[in-house]
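First up is the structure itself, then whatever we jot down about it.
The values are calculated or read from the model by the stated rules, or taken from the named source; none is laboratory data. Keep in mind that what you see is a predicted model, and the values were worked out from it rather than measured. Quick reminder, even Gly has a Cβ in these numbers, built from the backbone with ideal geometry, and neighbours come from all protein chains shown. Each accessible area value is taken on the protein alone, full model and side chains, heavy atoms only, with ligands, DNA and RNA left out. Shrake-Rupley method; radii C 1.70, N 1.55, O 1.52, S 1.80 Å.
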Amino acid sequence: MSEQNQPTVKGDLRFHSELKCGQDVTRCEFNKDGSLLAVGLSDGAIKVYSPDTGDQILTLKDSSRLRMPITGLRFISSSDSHCLLLAAYATGSVRCWYPWGGDCLWNLKEASGLWDPADVEKGSKLETLCLAVSPSGERAATGCSNSTVHLYDLRTHQSILTCKASSCRTIMDGHRSRVFAVTFHPERETEFISAGWDNTIQFWDSRQEQAIRRIGGPHVCGDALHIDASKKQILSGSWRTHDSLEVWDYGSGRKVCDVSHPVQDSKIYSCHWLGEDHMVAGGCQANTLYVISRHSLQTVGQLWGLDSPVYSTSVCASGKRSGLIAGSSGSSVYILDHRK
């Protein structure tokens, strides 16, 4: 970070700490109570930190010769309540880690996603680009570079369903391009939504093989798709300078509003709901993390003065650390506090 361009917070945000991770950060994720923060790196390593102290607790690395980025991170609980970490890799695999032992418990290979270092230059292998876990923690969904969404049973480690468009090119009943975001409905085990580069949000039900409906608009390029079950709304971020942050009605699919004023100079990589009254968004162009009032649609807090885009964010939604925000820029993760 240059002396002329130091990161600064203003408004309702408070600076907590900066984590220097040594490699570009591709994903960050709090566990449920915010006592742990997992950071996925561009070289395929995962570092786990204590947000309270800023100390690095451990590093998780697979044995693959090919070092590809982490594309998704989610904490889950085992049947005996052990804390586990699910990680998606651009190599086309999903690994389940037991962080405290540093052990990889199991590994899923996406269909046609078996990377070999000799094939990298061909660019023909499937990439896993995003990861989500169901409300029960028993299912996971992944979005892929070949426009498919895969659903897995985390108890058996087996594929349940592959969601894709039909062969009819005149009907948009599934994705036609890369899928960069997927998220489950927080209260409905079988329902999830996905988005990517085809300017649609697709609605899925695991009891059916094709999308049950869709809405058009977002050009999603990261972890920028989330559902608020209590208010039945979707928040989407797009990698474009116009209509980059939007709110949609989950039931009808109609757009509720554009959040255009605070982020009109940003292409959004990541966004989240923050409690009932705020939202968080970060991206490039302005290289800024925003906290925005859900009611006034005005910016109430910012992290700015960064040399690199805000590529990933995470929020702690419950417990005594509720209101903690993590935002990555380059090889650093900034821990911020929005607690009142």
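Quick notes on this structure:
- Taking segment 64-113 as the range and being modelled with pLDDT of 90 or more, of a type in the set (S, T, N, Q) and part of a loop (DSSP other than H, G, I, E, B) as the test, only 91 passes.
- The number of residues in segment 234-257 that are farther than 10 Å from residue 219 by Cβ, in a strand (DSSP E or B) and open to solvent by less than 60 Å² (accessible area, probe 1.4 Å) comes to 8.
- Qualifying residue in segment 206-225 (condition: within 14 Å of residue 147 (Cβ to Cβ), without any contact (Cβ under 8 Å) to a residue 24 or more places away in the chain and open to solvent by 20 Å² or more (accessible area, probe 1.4 Å)): no
- Unmet criterion (only one of (1) open to solvent by 30 Å² or more (accessible area, probe 1.4 Å); (2) charged (D, E, K, R); (3) closer than 18 Å to residue 104 by Cα) for residue 62: (1)
- Scanning segment 114-131 for residues that are at pLDDT below 80 and either in contact with a helix residue (DSSP H, G or I) (Cβ under 8 Å, 6 or more places away or on another chain) or within 22 Å of residue 29 (Cβ to Cβ) (or both) yields a single hit, 125.
- Scanning segment 149-163 for residues that are assigned to a loop (DSSP other than H, G, I, E, B) and either buried (at least 21 other Cβ atoms within 10 Å of the Cβ) or modelled with pLDDT of 95 or more (or both) gives a single hit, 154.
- Some residue of segment 304-323 being out of contact with any Gly (no Cβ under 9 Å at 6 or more places or on another chain), more than 22 Å from residue 240 (Cα to Cα) and not hydroxyl-bearing (Ser, Thr, Tyr): no
A quick yes/no check of all residues on (1) touching a strand residue (DSSP E or B) at 6+ places or on another chain (Cβ under 9 Å); (2) part of a strand (DSSP E or B):
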position	(1), (2)
301	yes, yes
312	yes, yes
318	no, no
321	yes, no
325	yes, yes
339	yes, no
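- Residue selection: residue 282 satisfies the criterion of being buried (at least 19 other Cβ atoms within 10 Å of the Cβ), in a strand (DSSP E or B) and under 19 Å from the mean Cα position of the chain (by Cα).
- Test: residue in segment 30-44 that is farther than 24 Å from residue 155 by Cα, of a type in the set (S, T, N, Q), surrounded by 21 or more Cβ atoms within 10 Å (Cβ to Cβ) and modelled with pLDDT of 95 or more: no
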